[in-house]
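Throughout, read-outs are computed from the coordinates displayed, never taken from laboratory work. The structure displayed is predicted, hence computed values, not measured ones. Methodologically, a virtual Cβ is constructed for each residue, glycine included, from the backbone with ideal geometry; neighbour enumeration extends over all protein chains shown.
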Amino acid sequence: METWLNVTHMPTEFVVLVALGTLTQLRVETWQIITDTLKLVPHMRLLLIIPQQTIRIKFEALILPQVDYSSRILIMPWIEQQRVLAYPTVRLSISHGGLSSVAEAVYAHVPIITLCGFGDQPVLASKVKAAKIGYAIDRNIVTTEQLASYINMILADYDNIVLRLRHIHQISELEGGAQRVATLINGWLLTGALTMENINPRIIDLEYGVRGHVAIRAAEIEDEIKSGHHKFLFDHIIRANLGDSFASGHQTPITYIRQFIAGCSHPALMKSPDFPSDIKQRVERLVAACAGKNLGSYSGSPGIITVREDIANFIQQRDGYPSDPNNIYLCNGASDGIKTVIKLLMNNNPKKPSGIMVPVPQFPFYAAVLTEYGAHQIEYFLDEENNWSLNTIEMERALNKSKDQCIPRGIVIINPGNPTGQVFSCENIEDIIRFGKKITHKHQLFILADEVYQENVYLSDCKFVSFKKILMDLGSPYNQMQIASFHSASKGWHCEGGCRGGYYEIINLGKDVKTQFNKLVSVSLCSTTWGQAIMEAIINPPKQGESSYELYREERSAVFNRFKEKAELVSQLFNSIEGVKCNTVMGAMYAFPRIEIPTKAIEYAKSKTMDPDTFYCLQLLEKTGICVVPGSSFKQQPGTYHLRTTILPPTDKMKDMIEKFRTFHMSFLREWK
């Protein structure tokens with residue numbers, strides 16, 4: 001081995017140590033993926049450590065004879081890794097990312113690629129990436145091209161990476177010896193008192209698929225493209241995974257909203273003639289309602305009273321029923337308010353926790369929150385064949401199945417739907433309310449109405465109607481049911497997601513419960529006042545005849561018309577593709593097409609411990625640069641596969657994206673049939 005490590009056939013030749021642990025049971029195919037990088041990276045030799053004798057023998061018999069690597073591969077059953085890393089020809093370590101292997105590479109100043117899988121490996125991999133001393137790949141989805149790209153990126157930045165490695169511990173072997181350095185490195189890798197073994201296990205169980213495997217890989221590809229060392233057939237990522245209207249290019253900010261926020265932030269601007277008179281009056285009114293007449297002051301815990309009064313007026317005009325400002329709470333985006341209300345429904349019974357009914361497919365935020373709180377998810381399926389409507393027979397089935405596992409407390413309704421894009425009819429909403437009321441003689445379900453897309457309804461024969469309105473229309477006893485309705489600054493025609501504005505109205509709480517709830521809200525002091533100001537702008541826009549009205553009306557109409565055009569376009573284009581079926585996008589910002597995945601591809605994905613639609617979406621990303629969210633991130637009926645895409649990219653880019661998708665999908669079907 002020493003001779004092989006020392007002998008080089010040319011000055012640019014180098015060695016990569018591949019040691020993936022004695023317990024890591026890698027298949028022969030994975031070793032072949034690693035070996036095939038020799039075809040893409042010139043002057044590289046591989047020292048492979050394969051402890052499992054059966055795998056090693058099979059690899060040597062099946063893989064090596066297929067290509068002529070001559071002296072470019074050396075296979076060993078075991079080595080002392082630290083000693084090998086000291087050889088000057090070894091310029092890269094590919095490991096499983098365990099503590100010892102990463103620490104030894106750092107000590108030897110050798111750049112790192114981790115093929116991580118379990119335990120502390122993902123945590124250490126994030127350390128490696130954050131310190132810019134290497135890269136990390138999930139070993140279940142690694143490809144030869146991806147691995148070769150990372151190797152080339154490391155070679156291109158080799159000197160800088162080595163400098164960063166030296167800087168980590170800032171101590172040489174002469175200043176304390178190898179043991180001292182190893183201790184310092186381990187301290188860097190496992191900083192502080194928290195480890196994977198002692199952090200809250202619910203955090204480990206928590207998943208948020210919208211920013212999961214596919215989104216992470218998309219960010220990695222963006223880094224590869226920026227480095228200039230890549231073999232992709234595209235030069236940018238098409239971000240169709242997040243409902244961010246500004247980032248996607250769907251719209252520019254609404255002038256009225258930004259002028260109002262600018263004035264509230266810095267009232268001196270109102271002396272400028274560039275600001276319309278009605279905005280000056282609105283700014284003066286809101287600032288006067290702030291403590292110390294300054295938006296930067298804390299507000300009351302429920303929010304600025306003027307904003308809450310205006311929200312109550314907005315709800316009354318929308319529904320035709322009175323709304324009490326004392327039932328209105330401002331929050332940092334609707335998600336913050338939803339988490340607060342769900343806390344109120346939790347119990348302290350680990351054997352039979354609170355159960356919350358959630359739709360499937362569902363916005364994965366709910367699964368994440370319920371996991372965090374230790375609640376039980378009661379999953380009810382929406383009816384895809386009837387445009388994702390909801391039927392009470394399915395809800396009864398889900399409820400009855402869960403009664404031995406939890407105490408049912410609430411039901412989440414998302415209307416318009418995310419990711420499914422449906423808008424519930426008044427009849428459907430009535431059915432849900434009646435179901436929630438009759439649930440048992442002792443308990444009824446608390447309704448959480450997620451209505452953040454209420455301004456995003458596109459079909460002419462379709463109208464958003466709030467749960468509160470139907471509740472009141474039904475009269476007694478339904479109008480006494482407890483419900484929280486949520487709205488947000490992040491969606492609609494305004495789409496100010498980064499400002500974190502939102503509110504909820506919660507009604508019919510008893511006096512004692514309301515006191516306890518107010519105490520819970522007060523712990524967070526107050527929501528951001530800039531978010532509160534955004535909500536004020538949204539629910540109390542310019543009126544006809546006011547100086548800023550015409551520009552506001554023009555900009556709002558343009559945003560909505562683009563939404564409407566693309567909602568119609570997306571479902572039509574998807575339905576024109578073989579093996580793809582997409583329900584009409586009635587509302588919200590997403591399409592959720594069902595995709596056909598051949599059996600062969602399903603079996604391959606499962607052999608990689610991967611959901612088939614995640615495999616599909618990763619392939620779509622690698623081949624086209626299109627980043628979408630797998631349907632499994634939202635959960636779905638067993639045996640069905642979907643993906644979620646936003647309708648936010650500009651129309652021309654949306655058409656181009658779906659044509660790229662069409663080409664990929666047809667190629668995928670041919671490849672895997």
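Would you calculate a helix-derived [θ] at 222 nm for the chain, using -39,500 (n - 2.57) for each DSSP H run of n ≥ 4 and dividing by the full residue count, to the nearest 500? Provide the component values of the computation, followed by the final result.
Numbers: 26 runs with 294 residues, N = 673.
Calculated from helices alone, the mean residue ellipticity at 222 nm is -13500 deg cm²/dmol.
Can you pull the one-decimal nm distance between simple spin-label points at Asn313 and Arg72, each 7 Å off the Cα toward Cβ?
Result for the modelled spin labels: 7.5 nm.
My understanding is that a pair violates if its Cα-Cα distance is over 18 Å; which of Lys39/Lys231; Lys437/Lys635; Lys129/Lys606; Lys468/Lys566; Lys653/Lys673; Lys437/Lys469 do that in this structure? Walk me through the numbers on the way to the answer.
Values: Lys39/Lys231 13 Å; Lys437/Lys635 27 Å; Lys129/Lys606 28 Å; Lys468/Lys566 30 Å; Lys653/Lys673 30 Å; Lys437/Lys469 16 Å.
Result: Lys437/Lys635; Lys129/Lys606; Lys468/Lys566; Lys653/Lys673 exceed 18 Å.
Using the charge dipole of the stretch 307-539 (Lys, Arg: +1 at Cβ; Asp, Glu: -1 at Cβ; taken about the Cα centre), state which of Gln482, Ile315, Asn518 has its Cα farthest towards the positive end.
Asn518
With a Förster radius of 41 Å, plug the Cβ-Cβ distance of Leu163 and Arg27 into 1/(1 + (r/R0)^6) and report the FRET value to the nearest 0.05.
Values: r = 37 Å, r/R0 = 0.90.
Rounded to the nearest 0.05, the efficiency is 0.65.
To the nearest µm²/s, what D does Stokes-Einstein give for the chain at 4 °C and 1.567 mPa s, using the Kirkwood radius over alpha carbon pairs as Rh? Write down the numbers at each step before the final one.
On the way: Rh = 28.1 Å.
Stokes-Einstein gives a translational diffusion coefficient of 46 µm²/s.
Note down the net charge around Ile658, summing +1 for each Lys or Arg and -1 for each Asp or Glu among other residues with Cβ under 12 Å from its Cβ.
Details: positive: Lys566, Lys653, Lys655, Lys660, Arg662; negative: Asp652, Asp656, Glu659.
Residues near Ile658 contribute +2 overall.
Compute, for the stretch 307-539, the length of the dipole vector about the Cα centre, with Cβ point charges of +1 (Lys, Arg) and -1 (Asp, Glu) only. Units Debye, rounded to 20.
On the way: 22 positive and 25 negative charges, 210 e Å.
Charge dipole of the stretch 307-539: 1000 debye, to the nearest 20.
For the pair Ala130 and His266, what calculated FRET efficiency results from E = 1/(1 + (r/R0)^6), where r is the Cβ-Cβ distance and R0 = 51 Å, to the nearest 0.05?
On the way: r = 36 Å, r/R0 = 0.71.
That gives a FRET efficiency of 0.90.
State the extension gain, in nm to one decimal, for the chain segment bounded by Arg434 and Glu554, taking 0.36 nm per residue of separation less the distance between their alpha-carbons. Display every interim value, and only then the final one.
Numbers: separation 120, 0.36 × 120 = 43.20 nm, distance 4.10 nm.
Additional length available on full extension: 39.1 nm.
Ranked by Cβ crowding within 10 angstrom, fewest neighbours first, how are Cys617, Cys462, Cys290, Cys264 ordered? Mind dumping the intermediate values first?
On the way: Cys617 30, Cys462 15, Cys290 20, Cys264 27.
Lowest to highest Cβ neighbour count: Cys462, Cys290, Cys264, Cys617.
List the lysines whose Cα lies under 19 Å from the Cα of Lys293, skipping any in the same chain that are fewer than 8 positions away.
Straight-distance partners of Lys293: Lys271, Lys280.
How would you rank Trp78, Trp4, Trp388, going from fewest to most other Cβ atoms within 10 Å of each one's own Cβ?
Working: Trp78 10, Trp4 14, Trp388 23.
Exposure proxy ranking, most exposed first: Trp78, Trp4, Trp388.
If neighbour count is taken as other Cβ atoms inside 10 Å, put His96, His266 in order from fewest to most. If you can, show how the numbers build up before the last one.
On the way: His96 23, His266 11.
Final ranking by Cβ density, sparse to dense: His266, His96.
Can you list the residues of the stretch 528-553 with backbone N under 18 Å from a point 7 Å past the Cα of Asp274, pointing along Cα to Cβ?
548, 551-552
Which net charge results for the neighbourhood of Val15, defined as the other residues with beta-carbon distances under 14 angstrom from its beta-carbon, given Lys and Arg at +1 and Asp and Glu at -1?
Details: positive: Arg45, Arg72, Arg83, Arg91; negative: Glu2, Glu13.
Every neighbour counted, the sum reads +2.
Once a ≥ b ≥ c are taken as the square roots of the eigenvalues of the Cα gyration tensor of the stretch 307-539, is the result rounded (a/c under 1.5), prolate (a/b larger than b/c) or oblate (a/b not larger than b/c)? Working shown, then result.
Numbers: a/c = 1.42, a/b = 1.17, b/c = 1.22.
Since a/c stays below 1.5, the shape of the stretch 307-539 is classed as rounded.
For Lys655 and Thr599 in the same chain, what is the full-extension length gain: residue separation times 0.36 nm, less their Cα-Cα distance, in nm?
Working: separation 56, 0.36 × 56 = 20.16 nm, distance 2.90 nm.
Fully extending the segment from Lys655 to Thr599 adds 17.3 nm.
Once both axes come from the Cα atoms, what is the angle between helix 305-319 and the longest principal axis of the chain, in degrees from 0 to 90, rounded to 10?
The angle comes out near 80 degrees.
Can you tell me how much longer the chain between Gln544 and Gln405 gets when fully stretched, taken as 0.36 nm per residue apart minus their C-alpha distance, in nm with one decimal? Present the calculation step by step, with values, prior to reporting the outcome.
Values: separation 139, 0.36 × 139 = 50.04 nm, distance 5.50 nm.
Using 0.36 nm per residue and subtracting the Cα-Cα distance, I get 44.5 nm.
So, in nm, how far is label Thr89 from label Trp530 when the simple model puts each one 7 Å beyond its Cα toward the Cβ?
5.7
Name the lysines eligible as straight-distance cross-link partners of Lys351: C-alpha to C-alpha under 21 Å, and not fewer than 8 places from it in the same chain.
Lys343, Lys401, Lys403, Lys442
Residues with beta-carbon under 14 Å from that of Ala268, excluding Ala268: net charge, scoring Lys, Arg +1 and Asp, Glu -1? If you can, show how the numbers build up before the last one.
Numbers: positive: Lys271, Lys280, Lys293; negative: Asp274, Glu284.
Summing Lys and Arg as +1 and Asp and Glu as -1 gives +1.
Could you tell me the calculated FRET efficiency between Leu233 and Glu427, based on Cβ-Cβ distance and R0 = 51 angstrom, to the nearest 0.05? Working shown, then result.
Details: r = 49 Å, r/R0 = 0.96.
According to the calculation, E is roughly 0.55.
Where a Cα-Cα gap under 18 Å defines reach, which aspartates and glutamates qualify for Lys352, not counting those fewer than 8 residues away within the same chain?
Reachable aspartates and glutamates: Glu372, Glu379, Asp404.
Taking a label point 7 Å from the Cα of Asn387 along the Cα→Cβ vector, which residues of the stretch 422-438 have an amide N closer than 14 Å to it?
Counting only backbone N, you get 422-429.
More than 13 angstrom separation, counting every C-alpha pair in the stretch 609-673; what % is that?
Numbers: 1361 of 2080 pairs.
Beyond 13 Å sits 65 percent of the P(r) for the stretch 609-673.
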